[in-house]
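Trainee: This is the structure I want to talk about, given as structure tokens.
The values are calculated or read from the model by the stated rules, or taken from the named source; none is laboratory data. Everything quoted here is computed from the prediction, not taken from an experiment. Here the Cβ is made from the backbone with ideal geometry for all residues, glycine too, and neighbour counts use every protein chain on show.
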Amino acid sequence: MLDHRYVAGLVALVLAPLAVHAQKDVASCKPLLDAAAKQAGTPFHGYITTSAVVPGGKPRQDEMVSVGGMHYFQIQGKWMRSKVDAAALAKQGEENMRTATVVSCRRVRDESVGGVSAVVYSTHMVNEGITSDGMTWIAQGTGLTLRSDSDIDTGDGEKSHVSSRYEYTNVHAPAVTE
């Protein structure tokens, strides 16, 4: 049985932080907020690798599809529809905005991702004792997020790295198996 709490957490981790950054540092984080808003209304297929930063920790490969305001995850080879829809995700993002104590964004450089010109932003957030430092690649032509990498420290000895990449063509809802 798949843990629905994991799925809800993954949705929040993958999508909500972009909205959080923009609220605390409007000027430097506005491109991230704009990209998150655009992505929320655009079908996408995300490929997510989560690595625990502990000796012997194995990377976890997951996928996420967002179509018509619904999110689907493939976890351990099984597709399921998330109980977290776009409205619930927006609410979680608002809560994160209220509780974050430190948020900053900075344009770092221009770079190509899979042949697409992108602007790279660094991000830093501290929220309820959890620190996240990341990089986000936003396509110059479409304004959509192409890739994001985050290092997360929960403050209690647990650390992880989450790497996500997004595709926006030929996206369809998967057949749900659970």
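Trainee: Could you identify the single residue in Gln92, Gln76 that is in contact with a Lys or Arg (Cβ under 9 Å, 6 or more places away or on another chain), modelled with pLDDT under 80 and over 20 Å from Tyr168 (Cα atoms)?
Mentor: Values: Gln92 fails: in contact with a Lys or Arg (Cβ under 9 Å, 6 or more places away or on another chain).
Exactly one of Gln92, Gln76 is in contact with a Lys or Arg (Cβ under 9 Å, 6 or more places away or on another chain), modelled with pLDDT under 80 and over 20 Å from Tyr168 (Cα atoms), namely Gln76.
Trainee: Hey, can you tell me all the residues within region 124-143 that are within 13 Å of Ala35 (Cβ to Cβ) and either more than 12 Å from the chain's Cα centre (by Cα) or surrounded by fewer than 16 Cβ atoms within 10 Å (Cβ to Cβ) (or both)?
Mentor: Scanning region 124-143 gives Ile138, Ala139, Gln140, Gly141, Thr142, Gly143.
Trainee: Now a separate question. Please identify the pairs in which a residue from region 117-136 that is at pLDDT below 85 has its Cβ atom under 6 Å from the Cβ atom of a residue that is assigned to a strand (DSSP E or B), counting only partners at least 6 apart or on another chain.
Mentor: Met125/Ala100; Met125/Val103; Met125/Ser132; Val126/Thr101; Val126/Val102; Asn127/Ala100
Trainee: Follow-up. Restricting attention to region 164-174, does a residue exist that is farther than 19 Å from Met64 by Cα and not in a loop (DSSP other than H, G, I, E, B)?
Mentor: No: region 164-174 contains no residue that is farther than 19 Å from Met64 by Cα and not in a loop (DSSP other than H, G, I, E, B).
Trainee: Do you know which residues across region 144-170 are surrounded by fewer than 15 Cβ atoms within 10 Å (Cβ to Cβ) and either touching a Pro at 6+ places or on another chain (Cβ under 7 Å) or modelled with pLDDT under 90 (or both)?
Mentor: Selection gives Thr154, Gly155, Asp156, Gly157, Glu158.
Trainee: Is there a residue in region 22-40 that is of a type in the set (A, V, I, L, M, F, W, C), at pLDDT below 60 and crowded, with 21+ Cβ neighbours inside 10 Å?
Mentor: yes
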